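Asker: The structure under discussion is supplied below as structure tokens; questions concerning it will follow.
What follows is calculated from the coordinates using simple rules that are stated; it is not laboratory data. These numbers come from a predicted model, not from an experiment. Positions of Cβ are backbone-derived with ideal geometry, glycine not excepted, and every protein chain shown enters the neighbour counts.
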Amino acid sequence: MTRKIWIFGIFLLLFAGLCNSEENGSREPFYARGRFSLDWFGVHERDAGFFSQLSTRVKLELFNRRGSGWTFTLDARDRYSFNKTKANQVILYDTCLSFEKPGSLLYFFLGQMNLYDTAGIGQLLGGILGFKPVPDLLIGGYGGLESNIYVNRLNRNYHKFGLFTHYTGTLGRRFSLSYNHIRYSGMLENQYLYLNGMYPLDKYLVIFGNMEYQLGSNIGTKDRLSRLFLNVRFDPANWIDLSAFYSSGKGLDFHRFVLDRSQDPVFNDQQIERYYYSTQYGIRVSIKPAQSMRLFVSRQERENVDDNIQK
């Protein structure tokens, strides 16, 4: 497999170089851009012996630049282990056909992608269809399989569906709101609202945050705010900056619930429903007294709510 990716990557580089040549300031009608990288990693452990792997990565962009029309994107990696006990790994970071263009109402993606910015659900193997009523506002929906960048870990029983809206403004301002519906083996597992935003007040102060709000009928009111993160960064001068954050997470680990229930049926449900898992907050000051020196002072606390343990 690695040998095939080697040959494929070299071919892409030659192909991209020919297609992306420019003469007299004009570009060829067909656009292609690619990159092929190769690296080797080795480590020796006293008990486990010597482990080494060869990694090849191919990145390719065809037809048009991203955001200027129809584009095919490929970003894949192959990790070949020289140890017989380790399996070969094929990773697809981003492999999709898309259409996105300034001034166009249509927004389309099909393939393997991540939806962190728009819907907040991570990896998806499926499709997105949306439209832009105004240049800064995107409204759309998605559907597909719960995906993983590792090809051999795809779970066909997980399905994701949702609707979202995404706003992009000036100075890096952005906001997204999504409704997410997740099913497992045909049954509803989770549905929630996701809100994400970044708002620079000026060039010195930036606020970023995200949250998840559960909609399931079986979840109590106090547990509906299942995830909350807030970060504030203040840069009054080049030699100092300050950042503060707050993070809390609550959620039901469904698959662990099923596993524990199957192994010990007499367990009380309330004992294994993991609603609360942690709360963290802190502040950090960074000082740069010289060009090549930076000092950090930070203070943070973490609480495991179930155990009432603070660190």
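Asker: What are the radius of gyration and Dmax of the stretch 103-143, computed over its Cα atoms and given in Å?
Answerer: Radius of gyration, then largest Cα-Cα span, for the stretch 103-143: 10.3, 28 Å.
Asker: Which peptide among 129-140, 189-200 comes first, and what is the full order, when sorted by highest mean count of other Cβ atoms within 10 Å?
Answerer: My ranking of the peptides, most packed first, is 189-200, 129-140.
Asker: Okay, moving on. Taking the number of other C-beta atoms within 10 Å as the exposure measure, put LYS203, LYS288 in order starting with the fewest.
Answerer: Lowest count first: LYS203, LYS288.
Asker: What's the FRET efficiency of VAL285 with LEU171 using the Cβ-Cβ distance as r and R₀ = 25 Å, to the nearest 0.05? Present the calculation step by step, with values, prior to reporting the outcome.
Answerer: Working: r = 24 Å, r/R0 = 0.98.
Using R0 = 25 Å, I get an efficiency of 0.55.
Asker: Next question. Based on alpha-carbon centroids, what's the gap between the stretch 91-141 and the stretch 180-206 in Å, whole number please?
Answerer: Computed from Cα coordinates, the inter-centre distance equals 15 Å.
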